[in-house]
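What follows is a set of notes on a single structure, which appears directly below.
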Amino acid sequence: MDRWIKLCNQSNYHWNPNEDENDVFISQNLPVTWMKELDKIYPLQTTVSTEHLKDPEYYVKGGIQLYKELNITNIEGFPNLNLIGKLLGFEKGYVTNVQTQLTGMAVPIHIDSSDRKLKRVIVMLQDWYWGQILQFGNKIIHNWKAGDVLQFPVNDIPHSTANLSPYSRTILKITSRPY
Ligand SMILES: [Fe+2]
């Protein structure tokens with residue numbers, strides 16, 4: 001079965017284009033302490049593309065580049081970035097990923113996971129710039145500030161991202177699976 005159809009079937013999303021998306025919101029703004037650490041991260045990130053997924057719904061031969069990322073969990077040298085999960089109340093065992101989209105990189109629409117124990121938030125590490133887009137259900141998110149913490153229903157909401165700005169766009173993704 002098509003992966004997208006499979007993801008839709010496992011989701012409780014309302015699929016009403018006129019409904020308010022009240023579960024998608026910026027919950028707080030953290031003090032920005034990580035800018036120097038970001039410069040050290042860029043050369044260490046590796047590119048993730050859809051090539052290996054062979055998803056028929058994307059219809060792009062050879063795949064597309066989604067983003068560059070680095071899992072900084074338990075890596076020394078990024079104390080401020082690694083502290084963010086703790087500040088947000090995540091318990092031990094969470095994973096912190098720094099994800100960068102260069103100009104033209106995009107993540108086609110998908111739903112993260114049906115695992116109901118999965119917890120995930122996104123922290124915007126830089127101010128927004130024109131051309132940078134996040135879409136969560138009916139909400140288009142833009143004009144964010146560095147330190148904004150984005151909450152969303154991780155198991156259900158269809159979302160996509162794109163960087164069509166002239167600059168790179170970096171976010172932090174914190175994930176926990178408390179088993
Ligand atoms: Fe996602």
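Details
- Count of residues meeting criterion [within 16 Å of the ligand (Cβ to nearest atom) and either within 26 Å of residue 164 (Cβ to Cβ) or surrounded by fewer than 14 Cβ atoms within 10 Å (Cβ to Cβ) (or both)] in region 72-112: 13
- Residue check, residue 141 of a type in the set (A, V, I, L, M), closer than 25 Å to residue 9 by Cβ and either in contact (Cβ under 8 Å) with a residue 12 or more places away in the chain or crowded, with 20+ Cβ neighbours inside 10 Å (or both): no
- Of all residues in region 113-141 being within 14 Å of the ligand (Cβ to nearest atom) and in a loop (DSSP other than H, G, I, E, B), the one that is nearest to residue 168 (Cα to Cα): 137
- Only one of the numbered conditions (1) crowded, with 18+ Cβ neighbours inside 10 Å; (2) not in a strand (DSSP E or B) is violated by residue 150, and that is (2).
- Filtered residues of region 123-138 (kept if under 14 Å from the mean Cα position of the chain (by Cα), surrounded by fewer than 21 Cβ atoms within 10 Å (Cβ to Cβ) and closer than 27 Å to residue 15 by Cα): 133, 135
- Some residue of region 156-172 being surrounded by fewer than 18 Cβ atoms within 10 Å (Cβ to Cβ), away from the ligand (no atom under 14 Å from the Cβ) and among the β-branched types (Val, Ile, Thr): no
- Residue 144, sole failed condition from (1) of a type outside the set (Asp, Glu); (2) outside any loop (DSSP other than H, G, I, E, B); (3) more than 18 Å from residue 64 (Cα to Cα): (2)
Every number here is computed from the coordinates shown, using simple stated rules; none is lab data. Everything numeric here is computed off the predicted structure, so don't read it as measured data. No Cβ is skipped: glycine too gets one built from the backbone with ideal geometry, and neighbour counts run over all protein chains shown.
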